[in-house]
Every structure is written in structure tokens, then in C-alpha cells.
1. For the list (1) over 21 Å from the mean Cα position of the chain (by Cα); (2) surrounded by 22 or more Cβ atoms within 10 Å (Cβ to Cβ); (3) farther than 22 Å from Val453 by Cβ, I need the number of the one condition that Leu123 fails.
2. Would you confirm whether or not segment 75-92 contains a residue that is within 21 Å of Asp462 (Cβ to Cβ), surrounded by 24 or more Cβ atoms within 10 Å (Cβ to Cβ) and away from ligand 2 (no atom under 16 Å from the Cβ)?
3. Residue pairs, Cβ under 8 Å, 6 or more apart or interchain, first in segment 165-192 and under 19 Å from Pro312 (Cα atoms) and away from ligand 1 (no atom under 16 Å from the Cβ), second in a strand (DSSP E or B) and not hydrophobic (A, V, I, L, M, F, W, C). List them.
4. Of all residues in segment 73-88, which are more than 9 Å from ligand 1 (Cβ to nearest atom) and part of a strand (DSSP E or B)?
5. List every residue pair whose Cβ atoms lie under 7 Å apart, where the two residues are 6 or more positions apart in sequence or sit on different chains, the first residue falls within segment 464-482 and is over 20 Å from Ala105 (Cβ atoms) and modelled with pLDDT of 95 or more, and the second residue, located anywhere, is of a type in the set (Phe, Trp, Tyr) and assigned to a loop (DSSP other than H, G, I, E, B).
6. Determine which single condition Ser266 fails, assuming it passes every other condition in (1) assigned to a helix (DSSP H, G or I); (2) over 16 Å from the mean Cα position of the chain (by Cα); (3) closer than 28 Å to Lys91 by Cα.
7. Output the qualifying pairs, or none if there are none: Cβ atoms under 6 angstrom, residues six or more apart or on different chains, first residue in segment 349-367 and closer than 22 Å to Glu300 by Cβ and without any contact (Cβ under 8 Å) to a residue 12 or more places away in the chain, second residue within 16 Å of ligand 2 (Cβ to nearest atom) and not hydroxyl-bearing (Ser, Thr, Tyr).
Amino acid sequence: MAGRPPSNPVKKVPIHLQSSQNRLLIKGGKIVNADGMSDGDIFIEDGSIKEIGRNLIIPGGTRTIDARGKMILPGGIDPHTHLQLPFMGTKSVDDFYTGTKAAIAGGTTMIIDFVIPAKGESLIEAYHKWRGWAEDQVCCDYSFHVAVTWWSEQVKAEMETLVKDHGVNSFKMFMAYKDVFMVRDNELYEIFEHCKKIGAVAQVHAENGDIIAENAKKMVSAGITGPEGHEMSRPEDVEAEATHRACVLASQVNCPLYVVHVMSKSAGNVIAEKRQQGCVVYGEPIAASLATDGTNYWNESWRHAAAHVLSPPLRPDPTTPGHLMDLLARDDLQLTATDNCTFTHEQKKFGCNDFRNIPNGVNGLEDRMSLVWEKGVQDGKMDPCRFVAVTSTTAAKIFNMYPKKGAVAMGSDADLVIWDPRKTRTISAKTHHHATDNNIFEGMTCHGVAEYVICNGRVCVDEGQVKVLQGFGNYVAREPYAPFVYDSVKERDARKSTTMKPVQRSGFDGEMVSKAQAGIQNMKISTNEAPAASPQMAPNDLHLQNNNVEEGSRTPSGVRNQQESTFSIAGGESNANPSGNANPTGNAKPTGNTSPGSPSTKRPSVKLHAPPGGFSSGLW
Ligand SMILES: NC(=O)NCCC(=O)O
Ligand SMILES: [Zn+2]
């Protein structure tokens, strides 16, 4: 289509900007990968790592960087950013230029941003719009997740196209932002099912949007209009509940789930617990949740408090960052991001009379690497290899870019950081490279400084000096069915198929009772006048909507056929057994009444409050 960049355009970087930097030798550093450390020199040519070893034979004219006493890490990957996001009546102030410049300054060499279509907007159109914004601005490589903010056959088809033709293998759903981006549980279930079918990773923003909307109204009515009302209206439980719900829904269809911005201890614990139970779920704490806390919302300065407003919010429990770091260190949570979505004080002021209008979002892109080093490695909770895993390698694996990204290895992209673990720096809005005038980590001093940052073989931070090139980054297309994710999914599928078997019985060993005998034809059942129920049935579990109670489909052994259940997650009626015939059990007879329009062509409209197979209705 006219005006759109092709999916993988070739970047034309002027030769004078790249030629002298085509070849690089990094000598004498400690190479750190997620799976181990080694000593070796690294030869880089034309954007990728050509050789690693000692006494390499190098062409003349190669620039040498002395890395003695330093570590050489795979460049950071931030899998969660919102650059120039149109949001809450404004636009996040870091665009794809300043955002990626800040990223590089701190040692991050790739971002994955979110395309967020409005409800009703084509996902593909939105994707092209975001590509257009990014393409000539990005200083480092980038990719896109796409948000599913509404649900229809069109969206379903577009997701497939995005996977097949545009290198998107991850889709995010919002359980919050009611009426704006939020999707409901029945939609989530279907989207998860679809993600699994197309080999994508489903991501969720886990907060209960309905509860938040109600709480926020009450808060404002009670006169709590400042930033503290933001946290009070969306407390920890509201995040943990949605996290749990997302895990339960995804696990029904065995869809891999990725929970973005884990902000609370209880949400983190839910993920840890679900992983222990065998769910394929990944948790992403962010720089903000690992390094600061929600006590800031009670700061007397409105400006200070508002700068910290993001969703889910930071938690007032000051032990939260330490707890999340502990979970991260032991792989109960898997990787870090930032959710970088910056707004200036002028923009934050939109909410000066009502916290609901404070644009949600904070910084993090530039400082994540140093903060995770300080709170993780310097504090003795993780070693440098784990640091590499949680800042780079695991993102590359989950989103299927490994080992091109996320590794210091022969053949990998030359996205590298020469890291000085002893050097310190103090974070400040006065010196950062973001476009915003505030920094939620103001004044924090961290060990770990990116002395050199190399993006695709180009030195973009040189002895601490930032020398980025606008538009230098490339779009990274990602294949579906990431082995790191889908190998576990396949295993679970296989396990399920061996355990999900009906009990083989010789026949029904009690007295069969037809529904006519049971006197339930055209009988109206209310919760007060339920018929004799089977022992496991709770009368309140039945809610009959009309007078026709029809026989459910049974397998030959008499077991309820769960595939033909009348349960519909979408709240509609299932058409699985359109004839309305009872499946003969060997004793029971089919009604034989299949003519269109006859009573038995009507689908039964029994609404169960428990899933099929969970309880027996006892109505035979
Ligand atoms: N997180 C946040 O507060 N802003 C960015 C949008 C989102 O991810 O919810
Ligand atoms: Zn976000």
C-alpha cells in the first residue's frame, strides 16, 4: 500500500557513517553469557560477531577497543516500551529517536514496543502506522508486539497475517482500561486459543478493570483526587486477581502466557505458584517495580507523586522491590523490562484535579541495566550470568530472536555492551537522554556503567560518549512457535492427551431413569425447587432459562461428552449438538426427532455455573 514501509526495508546508512566502524576488535574482556563466562577477544565485521578467541588474525585497519577489567555482555533487550504512544489524550514524550537514544546510553540495544490499535481499528493498519513512526527514528533495532483491544473475525484473521507476513509473534491484551482497551474473559479465552493456534505468545496487562473503575469513582467522591488515589483504587489484590485469572484462562487452552509489568509481591507470587503447577507463564517485573515503591504517591509534592503514576501502580509496601528481585533471581520471574512511557510534568498536570486523568507512565529505558545490576548483582542476589539472562537472553528466547540476539556468540548480531561493574553513576533528569523533565530514579547511585555500546557493529557509546545515528536501527521480524516457549507447550499438550481419557466402563450399573420417568419434561426448575440431584450436584449450580430441559449428549459409556457440552465460554449457546438428540448410551433411545424447527432442534439452554464435566446435572 502506498506510503507504507515494506516489512523489512533495507536501511541506507551513508557510507561515511559506517565504513570506519565496519571492523572492530574487542580485546581482553570477560565475556558474560547467560550460561557462563569466558575470556576471549571478539572480532566484529559488518554488524555481526565473526570470531571469538585468542590471537585472532585480524585485517589491517580494524579498530581495537581495550576491554581489560571490563565485562562484555549481550546488549540489553527491553521487551516493553511505549514510545510516542497516543494515550490518555496526549502522547508519550519519548519518541523512537529519544527513546532509543536513551536506551543505548544505558546499554540497551534493542526494544520491543507495542502497537496499540484503538477499538475497531485494523491491527494491520495500526502496525503500519507504528512502523512508519519508528523506521526513520530508531537508533537501535526494534520489533513490535501488537495489542488486541477488540475481538472479531477480522481481528482473528489479521493476527494470522501479522504472524505470517510481518514477523509479529506476540499479542497483548488489556484486562484493565475499561471501555478503552479492555477485553473481557470470554474474549480473552478465545484470543488465547487463537494465539496458541498461530504459535504466538499471549501477553496480558493484568488488572481488574471493572473493579478499578468502581473504586476510582468512590475514591473521587470521597475527595481523594491526588496521585495516592491511583494506587488506592487499584490495590495489589486487583492485580493479583487478574494475574491468577489470566493464568487460569490461558492454562485451559495451554496457551503460553506472559504477564507484563509485575508490580506487586502477590502478583509475583501467583506467577511463581502457577509455574510450579506446570503452567507455561512468564513474569516481567520492570525497572520501576524493582527499584522504587508506591510510598512516593504519598509525597507532599504533587509533581513528585504524579511522576510515579503508572498502571499497575507501584506498591506502598517498601519490601516489594526486594521481593520481586528475589523472585527474579531464582527464576520465579523471568526477565526485566521498563514499560517506558514518559510524560512531562506539563502532561502529568492534566490530572491535577483528578488522578484518573494523570497520564499513566514512567521512565526506565536508560536506567534499567544499571538498576538491575545495583539491586541484583551488587546487592548479591544474582550473578552476572543471571543478570544477562534477565536483561537480554530470556527476552531473545521468549520472543524467538535467540541466538541472533541475546548472546555473545559467533554469528550473533554485534549488539554488545562493554560494562564497567565497578564504576558508578548517579541518575538524574538533568543528565539523562530522555525527552522528559522527570526521572523516578532521581538521585539513585548505581554500580555498572556502559562504557561502550555497540549496535549492529557500530559504536554508539564510545568511552561513555553517546554517538547514536538516527534511523540506524532495523525492524526485527520474529518467527512464531519460539522453541523456548512452545517446547514446554508441546510437552504439556502431550501430557494432557495421555491423562484426559474417559473411564472405560462395561455399562451403567444402576437403574436407568429416563427424563419422562423422572418427570422433568417441561418442568421449570428454580433454585428453590430442584429435583433430586446427584450427590455431587449443588442445586444452585443450575439455572434453567426455559422450560425445556433436554438430554445432554453422552458417550457410549454414559459419561457426559465434554466436547459436546452446552457450556459456552462466550455466554452464547453451544451448537455442538444441534439435533438435540441424546447420544444413545446403549439403553437410552434417541428421540428421532430431527426435523428442522421441531422442538428437539432447539439447543438446550442450560446455563451451568460450573464447567462441563465438573459437576453432573443428574438429569437423565
Ligand atoms: N503502564 C502505564 O502506566 N502506561 C503505559 C500503558 C500500559 O502499559 O498500561
Ligand atoms: Zn505497557
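The values are calculated or read from the model by the stated rules, or taken from the named source; none is laboratory data. Predicted model, so just to flag it, every value in this text is computed and none were measured. Positions of Cβ are backbone-derived with ideal geometry, glycine not excepted, and every protein chain shown enters the neighbour counts.
1. Only one criterion in (1) over 21 Å from the mean Cα position of the chain (by Cα); (2) surrounded by 22 or more Cβ atoms within 10 Å (Cβ to Cβ); (3) farther than 22 Å from Val453 by Cβ is unmet by Leu123, namely (1).
2. Yes, some residue in segment 75-92 is within 21 Å of Asp462 (Cβ to Cβ), surrounded by 24 or more Cβ atoms within 10 Å (Cβ to Cβ) and away from ligand 2 (no atom under 16 Å from the Cβ).
3. Pairs found: none.
4. Residues of segment 73-88 more than 9 Å from ligand 1 (Cβ to nearest atom): 73-79, 81, 83-84, 86.
Once the filter is applied, which keeps residues that are more than 9 Å from ligand 1 (Cβ to nearest atom) and part of a strand (DSSP E or B), segment 73-88 yields Leu73, Pro74, Gly76, Ile77, Asp78, Pro79, Thr81, Pro86.
5. Within 7 Å, the pairs are Arg478/Phe399; Ala482/Phe399.
6. The number of the failed condition is (3).
7. Short answer, once both residue conditions are applied: none.
Results for (1) closer than 19 Å to Asn360 by Cα; (2) not basic (Lys, Arg), shown as yes or no for each residue.
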{"site": "Met173", "(1), (2)": "yes, yes"}
{"site": "Lys178", "(1), (2)": "yes, no"}
{"site": "Phe181", "(1), (2)": "yes, yes"}
{"site": "Ile191", "(1), (2)": "no, yes"}
{"site": "Lys197", "(1), (2)": "no, no"}
{"site": "Asn215", "(1), (2)": "yes, yes"}
{"site": "Ala222", "(1), (2)": "no, yes"}
{"site": "Thr225", "(1), (2)": "yes, yes"}
